[in-house]
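Here it is: the structure, laid out below.
The values are calculated or read from the model by the stated rules, or taken from the named source; none is laboratory data. Remember, it's a predicted structure, so these values are computed and weren't measured experimentally. Here the Cβ positions follow ideal geometry from the backbone for every residue, glycine too, while neighbour counts run over all protein chains shown. Only protein heavy atoms, including side chains, enter the accessible area calculation; ligands, DNA and RNA are left aside. Shrake-Rupley method; radii C 1.70, N 1.55, O 1.52, S 1.80 Å.
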Amino acid sequence: MNFKNYLSLLLLVCFVGFVNAQEESFPPVDHGFFATPTIVPSFAEQMRNGTFIEGLSGREEREQIDGPEVNPKHKHVNNVIPGKGLPAEGQEDPLARAAAQSLKYPGRDAIFQNLNANNGPSFTPTDPTVAVGPNHVIAGWNVGFRIFNKDLTPITNSASLNTIFSGAVIGDPIFLYDHETDRFIITEFSNNPNGFKVAVSQGPDPVNDGWFVYQGQFNTGAFPDYTKFSIWHDGYYVTANIGSSNRLFVVEREKMLLGEPAQFQSFQLPGIVTSGFYSPQVFNALGTDLPETPATVVYQQDDSWGGVANDHLKLWSVTLDWDTPANSSISSAVQIPVTPFSGVFNGGSFANLPQPGGGPAIDAMQATVMNQAQLRKFPTYNSAVLNFAVKVNASGANQAGIRWYELRQDVGGGPWTIHQEGTYTSTGEKSAFNGSMAIDIEGNIGMSYSTIGTRDVQERVAINYTGRFEDDPLGEMTIAENQMALSTANNPNTRYADYSHTTIDPTDGLTFYNNNEFFNNNRRNVLNAFKIAPNFNDDLGAVQIVTPVSGPLTDDEEVIITIRNFGSEPKSNFDVYYNIDGGTNVVETFTGTLDPLENADYTFTTTADLSIVDETYTITAGTDLTGDEDPGNDEVSVDVTNEPLDINDIPLEGADLVVVNQGNNQFEAILSTNIDIADKVFINVYNISGQIIAYNLLDNVDGKYTYNLDMSYASSGVYLVRVGTNNQGFVKRIIVR
């Protein structure tokens, strides 16, 4: 059993009484209101007749290096309790370390990119959003939008949202593409009256098709800050950071697609607890095969908040009846325990992540399910992905990571369960935050995110992506961090982006498109398209050198490498090689068959002479496939040093782990240091890829925790032993020969 699943199961057993045994249902608070659309001509027609409203350009734009702040964040009563919750102050995120040590595959450069997506006015923040159809990309920002070809070359000039909506433009737009009906959706919120506006294209061409525009009638009572929109089979769903009791709204999708009067319903979210900022989301359905099950609302619940006993996800399901709206209902909250996380920065303030060289600290966007929580229906299950920012470092300046989840549900409905969870951290101890995830038609997950570094790596705001293949070890983002854009200036404001947006090209179902904020002299949006799935038929490469590693080395060292088929066709009987310090290649043949996206270890029959004490050797290894379509990932290198090494002298960062009997491929681990624990200590053993191969819970016997772990089945190489509690852990490297 994968350790992360094991831990989730353990938590579920411990907190079985924590989960609602039986759901209740609650009727809508408001319903039965009809909104009638106006017809707005196509943008092409507006450009012909002179009514197309462009954004600022030229000199006007250049004078707005960092434009005025719009829509100040609304925070209600702060519900964070200092010192409450796990992990406690000074303790690391329990999932971060193993994930950071996992095997990483090289990412590919962005397929398409536009570094100046919003060439209109600069506002703080930009609220990046993007919708992708069969032939067009619409990128939106706080007050405007622009339409592009799929290769991200622009078709139109930047346009004000006033070219489609009337009245004041105050922002927080979300753009969507409804794949099932081949329509684009443009939204923004409104303060006159308080509510939101929705425009639905009359066809699949956002330039040449007109729009059904609904505004002024979807009234939310209080101002609906931070609106987030989602597509479901029976409606367009809206959540908001709103002070009133109604925090979920639904509009009648079927009628809006026809340009007919559409109904509007609103619901409470029974049992919701927040830090003072309300950011639940409804799963947004991707693809043409939308689930017929009730829509699901999801929100994180942090035990650092008052009223939350243990970290968990809270879910509500919504059943709609448009014929008899009073029969619609929302369920009571179902609670799913998770591995503990700390989601509070600076007591809940909006200034958290320091910038290199000074300037205001950037908002980490804590306590927020990031845009969007996305769902895709597969033949036997529904899969949903979501993420939010967590604090990952034990001490010092704030370092953010991204806690992410894949939930699964039977295709016919029923309970959601955690299929996998992980905490993603950036390289060089940079903060990773502002994540946006999606899942492609093959089950691969892509995540774009922002980073900033003031610790090991000093780096301004950058836009990156990572991801994982469907069959990778659970809980791991296996694509190495791939930088797509790096800021040339710091953010002059604590406000940053507010959200980003990743979606999937509906044409191939595999290409991820992302819109995010960076600083290219001034505040700008960058559009990127990237892909996780294989790009080529014939593509092999080496991904790591397993052994040798630094330590006491001999003149007869075994060389083991991990190779991978990055392509979409099986490959057999190809050459592999290694060399020492750039010398003559040792060439041998891998005689097995490597299926697409499969890894295999290869042990060379020719050993290496690394016998000079204190000498550092560079080992390079790779694959040599005739016709390889991507030679850039063929080989890897590592430096190893022949140094005397006593494994028991390696510090354990605060704990005393003694390892004995190593020569027999067995060891006994004794944790004798007194650490703060409730009742149990765990011991886990990982291989160099970060995959757990053994685990156990240890009992406290006379202040010692002893476990005889049989390693006789393990191959030679490097292993990581981790000991600790659910709240803290320590790692030590073990070399098995």
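Under 10 °C and 1.306 mPa s, how fast does segment 245-300 diffuse according to Stokes-Einstein, given a Kirkwood radius computed over C-alpha pairs? Answer in µm²/s, whole number.
D, rounded to a whole number, is 118 µm²/s.
Oh, and also: Let's test the formula: R0 of 56 Å, r as the Cβ-Cβ distance of Glu588 and Ala309. What FRET efficiency results, to the nearest 0.05?
E(calc), rounded to 0.05, equals 0.45.
My understanding is that a pair violates if its Cα-Cα distance is over 25 Å; which of Lys314/Lys430; Lys84/Lys391; Lys75/Lys197; Lys197/Lys314 do that in this structure?
As for pairs spanning more than 25 Å Cα to Cα, those are Lys314/Lys430; Lys197/Lys314.
Something else about it: Could you give log10 I(q)/I(0) at q = 0.29, 0.32 Å⁻¹ for segment 520-570, computed by the Debye formula over C-alpha point scatterers of equal weight, without solvent?
Debye curve over Cα of segment 520-570, log10 I(q)/I(0) at q = 0.29, 0.32 Å⁻¹: -1.10, -1.17.
What distance in nm separates the two pseudo spin-label positions at Gln101 and Phe34, each 7 Å out from Cα along the beta-carbon direction?
6.5 nm
Okay, moving on. For segment 579-642, what class follows from the C-alpha gyration tensor (a ≥ b ≥ c being the square roots of its eigenvalues): rounded when a/c is under 1.5, otherwise prolate if a/b is larger than b/c, else oblate?
Note, shape of segment 579-642 comes out prolate.
Show me, for segment 185-196, the HN-Hα J-couplings you get by feeding each phi into the Karplus relation (A = 6.51, B = -1.76, C = 1.60, θ = phi - 60°), rounded to Hz, glycine and proline as x.
Going residue by residue, I get 10, 10, 9, 7, 8, 9, 10, 8, x, 4, x, 8 Hz, with x marking Gly and Pro.
On to the next question. Could you state the accessible area per residue of segment 276-320 in Å², with a 1.4 Å probe and every protein chain left in place?
20 Å²
What residues qualify as long-range amide H neighbours of Ser426, i.e. H under 5 Å apart, gap of 5 or more or another chain, H built at 1.01 Å from N?
It is Ala432, by chain and number.
Which three extents, in angstrom, do the Cα atoms of segment 272-390 have along their principal axes, listed largest first?
Answer, in whole Å and largest first: 57, 32, 28 Å.
Counting only protein heavy atoms and using a 1.4 Å probe, what share of the accessible area of segment 74-211 belongs to carbon plus sulfur, as a whole percent?
49 percent
Tell me, in nm to one decimal, what length is gained between Asp321 and Asp109 on full extension, where the rule is 0.36 nm per residue of separation less the Cα-Cα distance?
Fully extending the segment from Asp321 to Asp109 adds 71.7 nm.
Here's a follow-up. Report the rotationally averaged projected area of segment 84-143 based on its alpha-carbon convex hull, in square nanometres.
The orientation-averaged projected area of the Cα hull of segment 84-143 comes to 8.7 nm².
If you don't mind, another one. Listed highest first by mean packing, meaning other Cβ atoms within 10 Å per residue, what order do 609-619, 123-133 come in?
Packing proxy ranking, top to bottom: 123-133, 609-619.
Using the heavy atoms of the protein chains and a 1.4 angstrom probe, tell me the accessible area per residue for segment 545-639 in square angstrom.
46 Å²
If you don't mind, there's one more thing I want to ask. Report the far tail of the P(r) of segment 395-466, meaning the percent of Cα-Cα pairs longer than 16 Å.
56 percent
Could you check the spin-label model distance between Val613 and Arg48? Points 7 Å from the Cα along Cα→Cβ, value in nm.
It is 8.7 nm.
Check Thr227: other-chain or 5+ apart residues with amide H under 5 Å from its amide H, H built from backbone geometry?
The list, which skips near neighbours in sequence, is Asn241.
How big is the convex hull of the Cα atoms of segment 108-211, per residue, in Å³?
Dividing the Cα hull volume of segment 108-211 by its residues yields 112 Å³.
At a 1.4 Å probe radius, carbon and sulfur cover how many percent of the accessible area of segment 405-540?
43 percent
If each residue of separation counts as 0.36 nm, what is the full-extension length gain between Asp575 and Ser332 once their alpha-carbon separation is subtracted?
Here the answer is 81.5 nm.
How would you rank 523-533, 41-51, highest first, on the average number of other Cβ atoms within 10 Å across their residues?
Packing proxy ranking, top to bottom: 523-533, 41-51.
Also, quick follow-up: Going by a ≥ b ≥ c, the root eigenvalues of the Cα gyration tensor, does segment 169-245 fall in the rounded group (a/c under 1.5), the prolate group (a/b larger than b/c) or the oblate group?
prolate
Hey, what do the phi angles of segment 281-297 turn into as Karplus ³J(HN,Hα) couplings, whole Hz, using 6.51/-1.76/1.60 and θ = phi - 60°, x for Gly and Pro?
9, 8, 4, 8, 7, 8, x, 9, 9, 7, x, 8, 6, x, 5, 10, 9
Now a separate question. Please compute, over every Cα-Cα pair in segment 518-627, the percentage with a separation greater than 19 angstrom.
Summing the P(r) tail past 19 Å for segment 518-627 gives 54 percent.
How many Å³ per residue does the convex hull of the Cα positions in segment 160-306 occupy?
Convex hull of Cα atoms, per residue: 113 Å³.
Let me ask something else about it. Applying a 10 Å radius around every beta-carbon, put 345-358, 212-225 in order of their mean neighbour count, most first.
212-225, 345-358
If amide H atoms are built 1.01 Å from N in the plane of the peptide, which residues on other chains or at least 5 residues away come under 5 Å of the amide H of Thr454?
Ser431, Glu459
Just check segment 332-426 against the gyration tensor rule for me: Cα atoms, a ≥ b ≥ c as the square roots of the eigenvalues, rounded for a/c under 1.5, and otherwise prolate or oblate depending on whether a/b exceeds b/c.
In terms of gyration-tensor shape, prolate.
May I ask you to give the percent of accessible area on segment 261-385 that is carbon plus sulfur, with a probe radius of 1.4 Å?
Of the solvent-accessible surface of segment 261-385, carbon and sulfur hold 51 percent.
Could I ask something else about it? Given a cut-off of 17 Å, what percent of all Cα-Cα pairs of segment 403-530 lie beyond it?
For segment 403-530, the share of Cα pairs beyond 17 Å comes to 60 percent.
Rounded to whole Hz and in sequence order, give me ³J(HN,Hα) for segment 375-388 from the Karplus expression 6.51 cos²θ - 1.76 cosθ + 1.60, θ = phi - 60°, writing x for Gly and Pro.
Values per residue, Gly and Pro as x: 10, 9, 8, 10, x, 10, 7, 9, 10, 10, 10, 7, 7, 7 Hz.
Take Gln483 and Asn157, extend 7 Å from each Cα along the Cα→Cβ direction, and tell me the distance between the two endpoints in nm.
So the two model labels end up 3.5 nm from each other.
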